[in-house]
Structure formats: structure tokens, C-alpha cells
1. State which residue pairs qualify: first residue surrounded by fewer than 21 Cβ atoms within 10 Å (Cβ to Cβ) and inside the range 145-164, second residue assigned to a helix (DSSP H, G or I) in any location, beta carbons under 6 Å apart, and separation of 6 or more residues or different chains.
2. Need the failing condition index for Lys444 against (1) modelled with pLDDT of 95 or more; (2) closer than 22 Å to Leu16 by Cβ; (3) of a type in the set (Lys, Arg), just the number.
3. What is the residue count in the range 384-404 for residues that are touching a helix residue (DSSP H, G or I) at 6+ places or on another chain (Cβ under 9 Å) and at pLDDT below 95?
4. Taking only pairs six or more apart or across chains, which ones have beta-carbon atoms under 6 Å, a first residue in the range 321-343 that is under 12 Å from Val365 (Cβ atoms), and a second residue that is among the aromatic types (Phe, Trp, Tyr)?
5. Looking at the range 13-29, can you tell me whether even one residue there is more than 25 Å from the chain's Cα centre (by Cα), aliphatic (A, V, I, L, M) and surrounded by fewer than 20 Cβ atoms within 10 Å (Cβ to Cβ)?
6. Please verify whether Tyr369 is touching a Gly at 6+ places or on another chain (Cβ under 9 Å) and hydroxyl-bearing (Ser, Thr, Tyr), treating the condition exactly as stated.
7. For the range 519-564, name all the residues that are surrounded by fewer than 17 Cβ atoms within 10 Å (Cβ to Cβ), within 17 Å of Val507 (Cβ to Cβ) and basic (Lys, Arg).
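The values are calculated or read from the model by the stated rules, or taken from the named source; none is laboratory data. Predicted model, so just to flag it, every value in this text is computed and none were measured. Cβ placement follows ideal geometry from the backbone for every residue including glycine, while neighbour counts extend to all protein chains displayed.
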Amino acid sequence: MTKNFNAWPEQWPKNLNYPDKPIHYFLETTAERVPSRIAIHFGGMVLTYGELKILVDRFATALAKLGVEKGERFAIHLPNMPQFAIAYYAVLKIGAVFTPLSPLLSPREVTHQLNDSGAKTLLSMDLLFPGIESIISETKVKRVISTSIGDCYNALIAPLKPIGKLPVPNTLDMAELIQTNEANPPEVEIDIYKDLAHLAYTGGTTGVSKGVMLTHKNVTSNTLQFGCWFNGAQLKTVDDTVELIYPEGVDPIKDRPVARDMETALVVVPWFHAMGTVGYLNNMISGGTTMVVFPRFDPQEYIDAVKKFSATVLGGAPQLYVPLINMPGFEDYDLSGVKLISSGAAPLPMTILDAMKKSFTSSVVIEAYGLTECAMGAVCNPPIQGKAKAGSVGLPVFDTECKVVDAATGKDLAPGEEGEICIKGPQVMLGYWNRPEATAEVLKDGWLYTGDIGHEDEDGFFFITDRKKDLILYKGYNVYPREIEEVLFAHPAVEMCGVVGKPDEKVGELPVAFVQLKAGQQATADELIDYVNTKVAAYKKLRQVNFTELIPVSPAGKVLKRELRDQL
């Protein structure tokens, strides 16, 4: 098939010249280029790029001395905070593999991910670790490192930031490790095409969370694909330095949506999420962007930060924008300095998109699409006023091909025909960790079969109509119905069940269960909701149970989720 370039942005290169560099190169080259530029604002704490690199090197030295080896999985169980970024680049620098653990996971889910990955080291936080401490003995974890938001503040500002540091017995203290080690990490040779960088977990239709194997090449490619999509530059490696090359006559500051070493972004997308790690950490670091980092989302704090920090870039899931648009007096805020707003992880409702365009009059508002199996992203709208298509997730980015195939036969479909979306590109994963059969189901002849349903139009824009058909998107988080169904099936009164998403304007979708009870058995809706919700992460909790005499199934025995959604 031939890629459709009908709507390709003018003067944007069609392919990129990628450097053969590992991920931590992004931080090192930016720290060398603009060492005094602020990298992170965090609740009053400020780190420059030069300072961030030193802290990374100190922690990398400490990890190497502790015996963390190349290829070893290192689990990071933190919200967005400076320690996350420090640990992430330190782990990669010594050749270890980053595996993120969402702080929202239940102990049962944490146990599975730690055991499946075989992680030997865990970095957690004083406020989070007690919730999972009891299950550590059931895993292969040999050492736990703890940290605290309190480590980010000194004694002088304690009255303004009354966040104390709680003792975490039997753990190593991250701040002490950084303080007692020099910035002298060992040189580790990394094969960017073979060595894993990320082992990120994603749910599956079987209900079993699978590890996605991403090499340094996968992640660096995806970082640069989106970085150059926004700045419209070509890449050229000169004497170990990657330079941005623009067509003659182009002013990178005036003629492009974003410019290197010039932007300030508000970062609330979780770094433990694929979109966060690649789009809102690596991409920001690579571009020398100043990141205003939030561990959680508060609409008032977020909107005030736009003016306070002169933010030029915003991004997140649609549920980030819904409460902003609905804030009293939102239309009175001066948002003229915001140049680029991106939305991903879930479809952006047209009503919200229209409201955003009215409020962010000088901004380019775009949607994008991707999944963990392709590092982060594959498709994005052109970051140019008037060039994005409302309702579309955009065009396949540099060196990325997408096609739509018949979900039943695998036959390629013509523009306008709806089917399964497939992706090919340098960002596509190696496969699922220790799951060759699951890998073979989705990787075929170099194509990633996403399970997402959509179509391509005549101009090459892609539209998503169903996210993995049954996938529930709650505040941008993926909730896989089968996982909740497995818990429900364990209840002695449940004969059959099906979980679907109920549309909700504020959060996207709410998990709702349809339950068929066993003959002679009884259970209340509250009983089943409590039964499930003690075993899953907070964002996966059931919000409603509907009882039915018979769960509708297909001739093959599959629950007909569309019929259940129609009942809602």
C-alpha cells in the first residue's frame, strides 16, 4: 500500500533521519545545550537541566553500586514528581529496564506486574508503599527504595509546604543514595535495536495484564516522531549532536507551533502512562521544554498555572479539559499565550472540542491516537491552524503507515470502509513479554493489529469509531471489562456477566455490569459492587449493576456487548 500524503503539512519532511542513540541521550544533550534552562517546576522546587543531569548521574552511580544490572527490570511506583524523572533516566543509563507501576493499582494487580516482570528493585513513595508492603514477600523484589514529596522542600519553606517525610522502615532512602554518591555512573553499552528500555503493562481482552517490550529504538523513534511533528524539523547528526534542520526561509520560532528550548508545558499526564512517559517526559526533555509538573489534577490550580508560568503547551486526556471548560468564569481567563493543545488517550467529544476552540482562540487544538504497543502514538492531526479535521485523530506521523482491514478476513479496505486499524513503524513493540502466542495474534508481517475499529478518509485522515470495541475509557485510563468480569465470575451467585461503559460527560465512561444470577442464588447490586471494588484499582471500580434473566450471546458464545450498551 502507498501512504497518502494528500494532506501532509507543507515543508514538513516525509521521513526523519533518526540518530542511533539511547533514550538518556535526550537529557544529556539538552543539559549540554542549555544547562541553565529550567527543566522542572514542582510545587516551588526548581531544577535546571544541568542540575537534573547531575542528580540522574548520582542516582545511576548508586544503583550500579547496589548491583542493579543491565537488563534487570526496575519498577517505579510513583506519581509525577522530580524523583520519577531522575530514576527513569538513571535506570536507562545503566542499561536496566523501566517498568511503571501505577499508584492506582490494587495490591493484587501490583503483585501480578512485579512477578510477571521479575523486577528485583522497586522505587516507591512513603505515602504509597504501606499499601503494597504486605505483598512484597510474594514477589521477586530484593530491594525497595523509598522517597517522599517532602524531600523536594527544605526546612525554610516547611511552613508554606507542610508536607512531612514519613519513615519507611527496611527500605533504602533515595535522597541519601543521591547525596552519598558522586556523579560517576559506569559506561554501559546499549544496543538500541535489541535492548529493552520499557516493559510497560497494558490490560488485555483476556483480563491478563501483558508486558509490552519496547526497545530504546522504539521509544527514541516515537519521541522524535512527535517532537518533529510539532516543530516541523528534519534531524541531522553532527559530531554526536542532533541538530534541527529547517527549510530555507523558515523561522523556527515564528513559523512553527513550538520551538526548541523555548516552550513551557503544564504536565499533569501521569508519567507511568505511555502517553506520559513518551509525550510528556521524553518529548519535553528532548525539546528543552520547561515542565511545570503536577502529581494530581486540580482544575483551579491548573488554570492558574497557565498565567503564573506563561504556559505555551497543554496536553492530556479529554477529561482534563471537561472540568476546565465547565469552570465558572473560564471564559474570562487570558489564555492567549497557549500555542498548542493536544488531546489523546480517548476520543474528544465534539462539544468539548468546539468549546476549547472558542476559549483557546490563539491555540492549535489537535487530537492524536496511539497505544502502548507502539510506544505511545502513531497518528496525529497537523499542528497547524485550519489543517486539523474535527473528529479525526489525524495522519500517520513520520515513517508510520496505517491501514484498515476487514476484522474477519484481514482484507485491506478502501477509504471510508470501517475495519480494524493496523500500524507499521519504528515505534511498534517487539512483542509481549513471555507471551509468544499473544504476540503472534497482534504482530503479523510487520503490522500491529490494534483491535481498534475505524476508517481512513480520502485525504489520509483516520477516524476511530470504537476503542477496542469493548474498552472502557474512564478519565483517560483504560478499563478492560474482562478483568472486572473475571472478578465477578468468582462470586458464587454469578452465572454470567458482561461489563460495558456507560457514557458520562464528566469522566468519559463508567464501568457498568450486567449480571445473570445462578438458579436459586441471590445477591444485591451493592453486594456485587463491593465484592468487585475491593479487588480492583479505583479507576476500574463498578458504578452500577443491572440484573438480567439472560445475558445475550452470539452463536460462538461471545457476550454481545453492543446489545448491553444499547440497553444503557
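1. As it stands, the answer is Ile163/Ile149; Ile163/Gly150; Gly164/Gly150, since those pairs meet every condition given.
2. For Lys444, the exception is condition (2).
3. Of the residues in the range 384-404, 2 are touching a helix residue (DSSP H, G or I) at 6+ places or on another chain (Cβ under 9 Å) and at pLDDT below 95.
4. That search, which allows pairs on different chains as well, returns Leu335/Phe360; Val338/Phe360; Ile341/Phe360.
5. The answer is no, given that none of the residues of the range 13-29 is more than 25 Å from the chain's Cα centre (by Cα), aliphatic (A, V, I, L, M) and surrounded by fewer than 20 Cβ atoms within 10 Å (Cβ to Cβ).
6. Working: touching a Gly at 6+ places or on another chain (Cβ under 9 Å): yes; hydroxyl-bearing (Ser, Thr, Tyr): yes.
Judged against the criteria, Tyr369 is a match.
7. Result: Arg543, single match.
Yes or no, residue by residue, for (1) of a type in the set (Phe, Trp, Tyr); (2) more than 19 Å from Ser117 (Cβ to Cβ); (3) part of a loop (DSSP other than H, G, I, E, B):
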{"position": "Pro130", "(1), (2), (3)": "no, yes, no"}
{"position": "Ile136", "(1), (2), (3)": "no, no, no"}
{"position": "Lys140", "(1), (2), (3)": "no, no, yes"}
{"position": "Gly150", "(1), (2), (3)": "no, yes, no"}
{"position": "Leu160", "(1), (2), (3)": "no, yes, yes"}
{"position": "Val168", "(1), (2), (3)": "no, yes, yes"}
